[in-house]
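The values are calculated or read from the model by the stated rules, or taken from the named source; none is laboratory data. Predicted model, so just to flag it, every value in this text is computed and none were measured. Reconstructed Cβ throughout: ideal geometry from the backbone, glycine too, with neighbour counts over all protein chains shown. What goes into the accessible areas is simple: the full protein's heavy atoms, side chains included, and nothing from ligands, DNA or RNA. Shrake-Rupley method; radii C 1.70, N 1.55, O 1.52, S 1.80 Å.
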Amino acid sequence: MSENSAPTPPKKVHVKTWGCQMNVYDSERMTGLLKPLGYAPTEIAEEADLVILNTCHIREKAAEKLYSELGRLKKHGRNADAKIAVAGCVAQAEGAEIRARAPQVDLVFGPQSYHRLPEMIARAAREKGEVLETEFEAEEKFDALGQSREAEGYTAFVTVQEGCDKFCTFCVVPYTRGAEISRSTDDITAEVRSLAAQGVREVTLLGQNVNAWHGAAPAGSGADDWGLGQLCRHIARIDGIERIRFTTSHPRDMDDELIAAFGEEEKLMPYLHLPVQSGSDRILKAMNRGHTAEDYLRQIDAVRAARPDIAISGDMIVGFPGEDDKAFEETMALVREVNYASCFSFKYSRRPGTPGATMPKQIAEEIKSARLLELQALLEDQKQAFNAGLVGKTLPVLFEKKGRSPGQLSGRSPYLQGVFAEGPESLIGQIVPVLITGTHPNSLSGILQKEAA
Ligand code: SAM
Ligand code: SF4
């Protein structure tokens with residue numbers, strides 16, 4: 001761990017995060033960037049000198065949650081000099097509106113400006129005025145965020161790709177996160193090496209379209225350009241790294257090399273999150289997904305041929321404009337065919353500025369709700385069946401922390417389920433074989449088979 005150069009008493013920063021893993025990761029990075037300025041993290045908003053609200057704009061409720069949190073902060077009082085910053089995709093999309101609706105906010109900045117946070121805070125302190133920073137300057141961002149993070153456990157997220165050019169007609173990401181860019185192989189390698197040296201054993205490579213990642217192959221490797229499959233194989237060779245995951249992938253960017261890596265690279269965990277959104281070709285076209293249901297099913301078959309035990313996960317949207325009963329039935333049929341281990345499902349939410357928002361044949365809320373219920377019942381059955389199929393099997397579990405009850409440890413299976421087992425704390429940070437004996441709504445329980453070496 002690097003030395004803390006904080007003056008005493010340290011200032012405190014409270015970060016509240018909504019949305020995707022990319023936001024969780026960005027929040028960690030912001031906390032890391034603020035350490036040299038003397039800010040220690042706190043869970044209690046009221047005692048913080050700086051409150052950062054890191055927002056998500058994917059569905060409507062996110063912006064409402066921001067304003068209600070701002071109202072709560074105002075009502076419950078806060079440190080008199082505390083600054084409030086709004087970060088993330090709502091800040092990117094609605095910067096001016098936030099300033100107008102919430103004058104108590106001091107800083108507003110989008111995901112492309114995090115690396116300037118120390119500078120913005122210094123400037124805000126000097127001017128005692130608000131700062132609005134939502135211009136895209138993506139290329140600088142990875143450079144500045146490159147080395148700043150300290151590992152806090154045995155698993156870590158590493159951003160390898162940002163942004164999206166795919167412009168699905170329902171989605172705000174291309175407008176809030178900017179164009180697709182890949183972080184360089186050398187930077188990623190350096191960050192993973194540093195995390196491994198701090199004890200991290202599992203890394204999850206992150207990107208809005210993570211499998212669109214491409215980068216220069218290291219000198220002497222005999223290749224020019226690498227895709228995500230080669231990057232995973234490369235990271236697997238870093239001492240200390242035992243498990244690799246990546247999320248979120250797009251069907252259009254699944255290449256043969258990545259599929260092959262699932263069969264050949266043991267450290268690549270048998271779990272693939274590959275959203276399809278709908279089972280209807282007509283709706284997929286209206287969504288501008290650029291693939292058919294059949295293309296997706298072929299990819300799932302290929303991945304399963306490479307790695308038969310793989311757990312498939314996905315995202316589904318019901319109630320996209322024009323989705324009739326037949327289209328919804330096609331989604332249900334696709335879900336039955338894939339048989340997901342887990343899957344996120346959402347009602348379509350009209351995002352201002354996206355083409356979907358002004359399409360004809362918007363679907364009534366009651367229909368969306370009924371379809372979502374039906375879909376979620378099927379997905380829940382599939383998830384429970386997948387979990388039940390693991391009872392009696394021995395899985396390698398990476399223990400990450402103590403469980404809720406005394407003597408219990410909590411970890412993750414290769415398929416990303418939470419697993420609980422009784423065991424000594426010395427096993428935290430180790431990968432240990434566990435016989436799975438029970439399933440619970442969101443986790444598995446089991447018995448240690450032997451202690452890790
Ligand atoms: N890049 C990924 C992909 O292509 O599938 C997903 C990124 S998005 C942050 C995560 C998920 O949110 C999407 O897969 C989609 O299911 C859901 N989502 C995005 N916009 C939505 C909207 N307007 N309404 C409902 N769900 C939405
Ligand atoms: Fe959004 Fe589509 Fe890009 Fe995923 S691929 S981030 S859903 S525009």
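Output the residue which, of all residues in the range 282-300 that are free of Cβ contacts under 8 Å to residues at least 40 places away in the same chain and more than 30 Å from P396 (Cα to Cα), is nearest to ligand 2 (Cβ to nearest atom).
Result: L284.
It is to be established whether one or more residues within the range 62-85 are modelled with pLDDT of 85 or more, under 25 Å from S194 (Cβ atoms) and in contact with a strand residue (DSSP E or B) (Cβ under 9 Å, 6 or more places away or on another chain).
No, the range 62-85 contains no residue that is modelled with pLDDT of 85 or more, under 25 Å from S194 (Cβ atoms) and in contact with a strand residue (DSSP E or B) (Cβ under 9 Å, 6 or more places away or on another chain).
Considering G263, G290, which residue is open to solvent by 10 Å² or more (accessible area, probe 1.4 Å) and within 16 Å of ligand 1 (Cβ to nearest atom)? Please lay out each step first, then the result.
On the way: G263 fails: within 16 Å of ligand 1 (Cβ to nearest atom).
It is G290.
This table checks each residue for (1) out of contact with any helix residue (DSSP H, G or I) (no Cβ under 7 Å at 6 or more places or on another chain); (2) free of Cβ contacts under 8 Å to residues at least 24 places away in the same chain; (3) surrounded by fewer than 14 Cβ atoms within 10 Å (Cβ to Cβ).
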| position | (1), (2), (3) |
| --- | --- |
| C343 | no, no, no |
| G353 | no, no, yes |
| K383 | yes, no, no |
| P396 | yes, no, no |
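Restricting to the range 264-274, count the residues that are within 22 Å of the chain's Cα centre (by Cα), away from ligand 2 (no atom under 16 Å from the Cβ) and not in a loop (DSSP other than H, G, I, E, B).
Final tally of qualifying residues: 2.
Tell me which of these I317 doesn't satisfy, since it passes every other one: (1) within 16 Å of ligand 2 (Cβ to nearest atom); (2) open to solvent by less than 10 Å² (accessible area, probe 1.4 Å); (3) touching a residue at least 60 places away in the same chain (Cβ under 8 Å).
Here I317 meets the rest and fails (2).
So which residues in the range 234-254 are more than 16 Å from ligand 1 (Cβ to nearest atom), open to solvent by 20 Å² or more (accessible area, probe 1.4 Å), in a loop (DSSP other than H, G, I, E, B) and in contact (Cβ under 8 Å) with a residue 12 or more places away in the chain?
D239, G240, E242
Go through the range 405-438 and give me each residue that's buried (at least 16 other Cβ atoms within 10 Å of the Cβ), free of Cβ contacts under 8 Å to residues at least 40 places away in the same chain and among the hydroxyl-bearing types (S, T, Y).
Answer for the range 405-438, where residues must be buried (at least 16 other Cβ atoms within 10 Å of the Cβ), free of Cβ contacts under 8 Å to residues at least 40 places away in the same chain and among the hydroxyl-bearing types (S, T, Y): S410, S413.
If only one of L395, L372, L409 is away from ligand 2 (no atom under 16 Å from the Cβ) and under 28 Å from S278 (Cβ atoms), which one is it?
Result: L372 is the single residue among L395, L372, L409 that is away from ligand 2 (no atom under 16 Å from the Cβ) and under 28 Å from S278 (Cβ atoms).
Counting only residues that are crowded, with 18+ Cβ neighbours inside 10 Å and within 12 Å of I58 (Cβ to Cβ), which one in the range 165-193 is farthest from ligand 2 (Cβ to nearest atom)?
Checking each candidate, the answer is T176.
Taking the residues in the range 194-233 that are within 16 Å of ligand 1 (Cβ to nearest atom) and in a helix (DSSP H, G or I) as candidates, determine which candidate is surrounded by the fewest Cβ atoms within 10 Å (Cβ to Cβ).
Per the stated criteria, the residue is A212.
Are any residues in the range 148-164 crowded, with 21+ Cβ neighbours inside 10 Å, assigned to a loop (DSSP other than H, G, I, E, B) and either of a type in the set (S, T, Y) or in contact with a Phe, Trp or Tyr (Cβ under 6 Å, 6 or more places away or on another chain) (or both), and if so, which ones?
Y154, V160
Does the range 168-209 hold any residues that are in contact with a Leu (Cβ under 8 Å, 6 or more places away or on another chain) and farther than 19 Å from E28 by Cα, and which are they? Talk me through it step by step, then tell me what you get.
Kept after step one, since they are in contact with a Leu (Cβ under 8 Å, 6 or more places away or on another chain), are these residues of the range 168-209: 185, 188, 201-203, 205.
Once the filter is applied, which keeps residues that are in contact with a Leu (Cβ under 8 Å, 6 or more places away or on another chain) and farther than 19 Å from E28 by Cα, the range 168-209 yields only T185.
Which numbered condition trips up D186, out of (1) over 22 Å from A311 (Cα atoms); (2) at pLDDT 95 or above; (3) not polar (S, T, N, Q)?
Here D186 clears every test but (2).
Just for the range 275-286: of the residues that are in a loop (DSSP other than H, G, I, E, B) and in contact with a strand residue (DSSP E or B) (Cβ under 6 Å, 6 or more places away or on another chain), which one is nearest to I310 (Cα to Cα)?
Among them, the one singled out is P275.
So for the range 294-306 (the condition being out of contact with any strand residue (DSSP E or B) (no Cβ under 7 Å at 6 or more places or on another chain), open to solvent by 10 Å² or more (accessible area, probe 1.4 Å), within 16 Å of ligand 1 (Cβ to nearest atom) and more than 21 Å from F386 (Cβ to Cβ)), does at least one residue qualify?
Yes, the range 294-306 contains at least one residue that is out of contact with any strand residue (DSSP E or B) (no Cβ under 7 Å at 6 or more places or on another chain), open to solvent by 10 Å² or more (accessible area, probe 1.4 Å), within 16 Å of ligand 1 (Cβ to nearest atom) and more than 21 Å from F386 (Cβ to Cβ).
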